[in-house]
Amino acid sequence: MSAAAHGGALGCESAARHLGLWVLDVPKLHVWMHGDRHQYRHEEKPCTCVAHWDDAPRRPGFGLPSVPRVLLQLFRCRGRERFFVALESARRQGLIDASGLRWLRARLNRSGRELVDFSRPDSDSGLESLVRLRLRAFGWIIRTQASIVGTGRVDLLIEGWLIIEADGRANHESAALRHKDLVRDANAALWEHVTLRFDYAMIVHDWDLVERAIVTTMSTRS
């Protein structure tokens, strides 16, 4: 294991993924190092690992940092968006409790504390969290995992009428699932809801297009 070869354990985004939190692609290995340990270099190839040093209490063996500490590392190392999607994933799965949130909030700056306060435990995927965070500036009322008459549960509902479906990479690819999605969208239209459906690549890599589509659609009822 590369983290152990360094004299540490998985940290930050690498630990988050190992713990089952929703994360974006992790291009590098993140290693949690204690201040009283030595860092060892890889012998086989150039090392591209990211080391996270602190003097937190040791965990047994090469145990992972706690979920609150993983999230703190994420915020400091990877920024607001990656922190936020992992935070809501942790809350959804019950991996961080009220005391953990208080511990985390006390160690964040103002920007990080605002994200903790804005987070919710009902987001079903990181894509939903990402969309809601990016649309925050518009001031719309956005519900997560909302139940729609005649349609069922939808990913996001903006101002009570615009449905946003965030289709993950592994979902909605088969003909049967695609047909089911079309039926849902048609039923939503019968109840005067408009549906916009975006996949992982669009939300993560082509956000400008996604945002323009949402803003333009919202302007039709303003």
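Structural remarks
- Within the accessible area of region 108-222 (1.4 Å probe), percent carbon and sulfur: 53 percent
- Rolled with a 1.4 Å probe across the full set of protein chains, the surface gives H179 an accessible area near 120 Å².
- Surface per residue (accessible, 1.4 Å probe) for region 128-222, Å²: 54 Å²
- Contour minus Cα-Cα distance for V26 and I141 (0.36 nm per residue): 38.2 nm
- Debye equation applied to the C-alpha atoms of region 81-201, log10 I(q)/I(0) at 0.19 Å⁻¹: -1.04
- Full extension of the chain segment joining S219 with A176 gains 12.2 nm, where the gain is 0.36 nm per residue of separation less the Cα-Cα distance.
- Dipole of region 98-222 [Lys/Arg +1, Asp/Glu -1 at C-beta], most positive-end residue of T216, G126, V194: G126
- Protection proxy ranking, peptides 78-91, 138-151, average beta carbon neighbours within 10 Å, highest first: 78-91, 138-151
- Here the extension length gained between Q93 and N187 equals 30.8 nm, from 0.36 nm per residue of separation less the Cα-Cα distance.
- If R0 is taken as 30 Å, the Cβ-Cβ distance between R76 and H205 corresponds to a FRET efficiency of 0.75.
- Estimated inter-spin distance, W103 and H18, nm [label 7 Å along Cα→Cβ]: 1.7 nm
The values are calculated or read from the model by the stated rules, or taken from the named source; none is laboratory data. Computed from a predicted structure; not experimentally measured. Cβ atoms come from the backbone with ideal geometry, glycine included; neighbour counts cover every protein chain shown. Surface accessibility is based on the protein's heavy atoms, side chains included, excluding ligands, DNA and RNA. Shrake-Rupley method; radii C 1.70, N 1.55, O 1.52, S 1.80 Å.
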